[in-house]
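> First the structure, then my questions, so here it is.
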Amino acid sequence: MFKVFLRLWHIGHFFLKDSLAFRSQFFISKLMEVTSLLVMIIFWYAILISHGVKFGSYSPHTMLSYFLYTFITQQIIASTRLNTIGDSIISGQFTRLLLYPISPLPLFLAWEIVFKLFSTLTSLVYLIPIIFFLKSYLVLPSAASSWLALAFFILGILIFALLTLIISAVGFFSTETWSATFLFWVLAGFLNGQYFPLDLLGPALTLNPFAYINYWPSRILLGSVDFISPFFALFVGVGWLIIIYFIFKLVWSRGLKSFAGWGN
Amino acid sequence: MAKYLPIIRQNMLMSFKQGLYNPFSALIFIIGKIVRFVFFLLFLFFLFKKVPPIAGFDLYDLMFYFLVFNLIDAIAQALWRGVYHFDAKLYDGSFDYTSLYPVNTLFYHLFNYIDPLDIITLPIFIGYFIFFVVKLYFVPAPIFVVGFIISLFFSLLAVMGIHILAMSLSFKSKITGELLWIWRNFSQLGRVPVRIYSKAVYFFLLYIIPVAFIINLPARVWQANISLNTWLIGIGVDLLILIIGLITWRRLRRSYVSVSS
């Protein structure tokens with residue numbers, strides 16, 4: 001157990017060093033995140049608070065909180081380094097990963113954990129002041145909803161990681177992955193609830209697999225859900241996770257068989 | 001000008017060959033772009049159809065402003081997609097190589113990759129814009145249509161200035177794509193009329209990052225909702241951004257040190 005932990009620790013350590021090789025890039029990419037959040041808050045603040053616009057059952061304050069929470073969930077769940085795997089398959093660098101004394105899945109998980117921890121901790125630098133500044137406009141989560149949201153967070157992380165790996169596996173069968181990745185993000189962008197609460201267009205939409213990436217963790221943080229039982233949603237989410245896991249296994253086992261590892 | 005047109009044509013041909021060498025991927029990308037565009041329109045429609053006008057702007061005004069924003073954004077992406085990868089040329093030394101070409105270096109890097117996939121989707125966006133204004137919105141007097149086209153041209157000059165600024169700053173930061181994304185984040189505030197924002201934000205979008213002049217100006221001309229003086233100031237601001245970009249490029253390029261490739 002200790003050996004495995006030590007191995008994962010080393011993987012994480014090297015991965016972090018690699019990510020921070022260009023400091024100015026890191027700083028500017030964080031600045032990009034801050035501007036993205038500020039723009040979102042400015043836009044929705046103007047619509048919801050300044051002009052008092054109400055959407056469905058959402059009060060302006062609930063809606064503003066929802067968008068802030070979707071941003072946070074996006075940072076935690078959808079910030080990933082797994083999207084680079086597709087390119088490494090095409091370039092042949094993936095061969096190197098196959099020679100490591102650890103199977104790919106635990107390796108990817110170690111990368112994800114380190115990357116998400118690092119990304120979340122660095123995002124807190126700007127998130128805490130913004131939340132503090134907006135405190136009076138926000139619906140803050142209760143202890144009970146926070147625990148339930150944690151379960152949705154873990155589920156969302158697993159679903160998203162597997163979906164990203166499935167998209168990366170396109171690299172086994174094609175000479176490029178960018179178009180599939182783009183289409184995935186377009187679909188995910190609208191079905192995960194980052195642009196609007198999905199229940200505004202009907203409860204059925206909230207049970208799509210992308211909804212677990214953004215919508216459900218954010219919605220649970222807001223408090224009570226009256227149109228569907230959160231536990232039923234959790235149950236459906238676990239069902240999606242199992243289905244997506246089997247698709248991942250199938251696609252990757254076929255992909256690895258067809259992988260020729262050329263050019264490296 | 002006669003010297004540069006064949007270069008743009010040649011770059012465009014090469015970009016098309018590069019971008020369309022895998023037709024299936026190209027098709028998926030184009031479908032993705034159209035789906036995103038349709039989703040955004042549906043999102044605006046379903047979300048705002050039941051709400052009262054915001055600061056005097058109704059659903060169709062909001063959709064019109066979004067379409068103008070989309071037009072500027074799509075044309076900019078089509079023409080200057082290569083700028084996003086300018087930093088890579090500083091790393092791998094190809095900037096040294098291209099600096100020796102008998103052509104203006106800035107021009108070469110601005111237009112060295114004209115995105116064929118964006119060029120293909122552009123007629124769809126323009127077509128929908130025309131359909132929208134003719135069938136669902138309104139077409140103003142011809143003078144305002146001409147004013148709209150002129151404003152759009154100057155807005156694109158300003159956006160080009162911002163791309164030049166990002167390339168110039170790359171000499172120091174060694175990063176271009178993310179700098180452009182910071183601009184694109186702010187430009188998204190122009191998807192709606194900037195007048196809906198609070199006074200402080202409006203001031204910011206007027207004088208600090210002039211999204212009001214770059215993104216909103218053509219829409220205001222179409223609506224005949226602008227005085228001649230304000231229009232001239234807007235055109236002046238657009239030109240000023242281009243000039244700032246050019247001056248910055250000239251200054252910061254001097255700080256470039258070859259990677260001895």
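The values are calculated or read from the model by the stated rules, or taken from the named source; none is laboratory data. Since the structure is predicted, the reported quantities are computational estimates derived from the model, not experimental observations. Cβ placement follows ideal geometry from the backbone for every residue including glycine, while neighbour counts extend to all protein chains displayed. Heavy atoms of the whole protein, side chains included, go into the accessibility calculation; ligands, DNA and RNA do not. Shrake-Rupley method; radii C 1.70, N 1.55, O 1.52, S 1.80 Å.
> Could you please state, rounded to a whole Å, how far the C-alpha centre of region A:187-248 is from the C-alpha centre of region B:34-70?
Here the answer is 25 Å between Cα centres.
> For region B:4-253, take N as its residue count and report Rg(C-alpha) divided by 2.2 N^0.38 Å.
1.06
> Based on the Kirkwood radius over alpha-carbon pairs, what value in µm²/s does the Stokes-Einstein equation return for the translational diffusion coefficient of region A:1-115 at 4 °C and 1.567 mPa s?
75
> Moving to a separate point now. Per residue in region B:14-28, which ones lose no less than 50 Å² of accessible surface when going from chain alone to all protein chains (1.4 Å probe)?
Buried by 50 Å² or more upon assembly, which counts only protein chains, are B:25, B:28.
> Please turn the phi angles of region B:72-87 into ³J(HN,Hα) values with the Karplus equation 6.51 cos²θ - 1.76 cosθ + 1.60 (θ = phi - 60°), one per residue in order, whole Hz, x for glycine and proline.
5, 5, 5, 5, 4, 5, 5, 7, 10, 4, x, 4, 4, 10, 4, 4
> Mind jotting down the distance between the C-alpha centroids of region B:190-261 and region B:102-130, whole Å?
20
> Are there any chymotrypsin sites (Phe, Trp or Tyr not before Pro) in region A:56-101 that are in a DSSP loop and have at most 15 other Cβ atoms within 10 Å? List them by number.
Loop-located and lightly packed - none at all.
> Also, quick follow-up: Please list A:199, B:238, A:18 in order of solvent-accessible area, largest first, computed with a 1.4 Å probe with all protein chains present.
Of A:199, B:238, A:18, the descending order of accessible area is A:18, A:199, B:238.
> Quick check: residue separation of residue A:2 and residue A:17 times 0.36 nm, minus the Cα distance between them. What number comes out in nm?
Computed gain between residue A:2 and residue A:17 is 3.2 nm.
> Further, regarding this structure: So which residues of region A:152-182 lose at least 40 Å² of accessible area, probe 1.4 Å, when you go from the chain by itself to every protein chain present?
A:176, A:178, A:179, A:182
> Only counting protein heavy atoms at a 1.4 Å probe, give the residues of region A:184-225, ordered by number, whose accessible area falls by 40 Å² or more when the other protein chains are present relative to the chain alone.
A:186, A:190, A:195
> Same structure, new question: Where in chain A are the DSSP H helices whose C-alpha atoms run 18 Å or more along the long axis and whose mean Kyte hydropathy is at least 1.6?
The qualifying helices are A:104-134, A:143-168, A:178-191.
> Evaluate the distance, in nm, between pseudo-label points positioned 7 Å from the Cα of residue B:174 and of residue B:243 along their respective Cα→Cβ axes.
Result: 3.5 nm between the two label points.
> Another question, then. How many angstrom separate the Cα center of region A:38-72 from the Cα center of region B:145-185?
Between the Cα centre of region A:38-72 and that of region B:145-185, the gap is 29 Å.
> Using alpha carbons only, how many degrees (0 to 90, rounded to 10) separate the axis of helix B:116-131 from the longest principal axis of chain B?
Between the helix axis and the principal axis of chain B, the angle is about 20 degrees.
> A further question on this structure: Cα axis of helix B:142-173 to longest principal axis of chain B: angle in degrees, 0 to 90, nearest 10?
Approximately 40 degrees, to the nearest ten.
> Amide H to amide H under 5 Å from residue A:139: which residues, 5+ apart in sequence or cross-chain, H placed 1.01 Å off N in plane?
A:65
> Same structure, new question: At a probe radius of 1.4 Å, what is the per-residue accessible area of residue A:33, in Å² to the nearest 10?
For residue A:33, solvent-accessible area is about 40 Å².
> Heads up, I need the accessible area for residue B:243: 1.4 angstrom probe, whole protein in place, Å², nearest 10.
Counting only protein heavy atoms, the figure is 80 Å².
> Report the extension gain between residue B:2 and residue B:100 in nm, rounded to one decimal, defined as 0.36 nm multiplied by the number of residues separating them, less their alpha carbon distance.
That works out to 33.2 nm of additional length.
> Using a Förster radius of 30 Å, what is the FRET efficiency between residue B:13 and residue A:105 based on their Cβ-Cβ separation? Nearest 0.05, please.
That gives a FRET efficiency of 0.10.
> Taking 0.36 nm per intervening residue step and subtracting the Cα-Cα distance, what contour gain separates residue A:38 from residue A:187 on full extension?
51.2 nm is the gain from fully extending residue A:38 to residue A:187.
> Something else about it: What number comes out for accessible area per residue over chain B if the probe is 1.4 Å? Units Å², please.
47
> Next up: Hey, rough spin-label estimate for residue A:174 and residue B:134, points 7 angstrom out along Cα→Cβ, what's it come to in nanometres?
Roughly 3.5 nm, to one decimal.
> In addition: Would you tell me the accessible area of residue A:39, worked out with a 1.4 angstrom probe on the heavy atoms of the protein chains, in Å² to the nearest 10?
10
> For B:57, B:64, write out the residues from largest to smallest accessible area, computed with a 1.4 angstrom probe and no ligands counted.
From most accessible down to least: B:57, B:64.
> Another question about this same structure. State the volume of the convex hull built on the alpha-carbon positions of region A:2-258, expressed per residue in Å³ and rounded to an integer.
Cα-based convex hull of region A:2-258, divided per residue, equals 144 Å³.
> Can I ask one more? Considering only protein heavy atoms and a probe of 1.4 Å, how much of the accessible area of chain A is carbon and sulfur, as a whole percent?
That share works out to 74 percent.
> Please compute how much accessible surface disappears when A pairs with B, both sides summed, using a 1.4 Å probe, and round it to the nearest 100 Å².
3200
> Can you tell me what the convex hull of the Cα atoms of the protein assembly as shown projects to on average, as an area in nm²?
Here the figure is 26.7 nm², rounded to one decimal.
> Ok, one more. Using R₀ = 56 Å, calculate the FRET efficiency as 1/(1 + (r/R₀)^6) where r is the Cβ-Cβ separation of residue B:45 and residue A:254; round to 0.05.
Taking R0 as 56 Å, the efficiency between residue B:45 and residue A:254 is 0.85.
> Please compare each pair in A:54/A:135; A:116/B:199; A:135/B:33; A:135/B:174; A:135/B:50 to a cut-off of 26 Å on the Cα-Cα distance and tell me which ones are over it.
Pairs exceeding the cut-off: A:116/B:199; A:135/B:33; A:135/B:174; A:135/B:50.
> Still on this model: Considering only protein heavy atoms and a probe of 1.4 Å, how much of the accessible area of region B:167-261 is carbon and sulfur, as a whole percent?
64
> Using θ = phi - 60° and the Karplus form 6.51 cos²θ - 1.76 cosθ + 1.60, what ³J(HN,Hα) does each residue of region B:212-226 get, whole Hz, x for Gly and Pro?
4, 7, 6, 9, 7, 4, x, 5, 5, 5, 4, 7, 6, 10, 7
> Between residue B:255 and residue B:124, how many nm apart are label points set 7 Å from Cα along the C-beta direction?
The answer from the label model is 4.1 nm.
> Right, here's the next one. Tell me, what HN-Hα J-couplings in whole Hz come from the Karplus equation 6.51 cos²θ - 1.76 cosθ + 1.60 at θ = phi - 60° for each residue of region B:40-50, using x for Gly and Pro?
Along region B:40-50, the couplings run 5, 5, 5, 4, 4, 5, 5, 6, 9, 5, 9 Hz.
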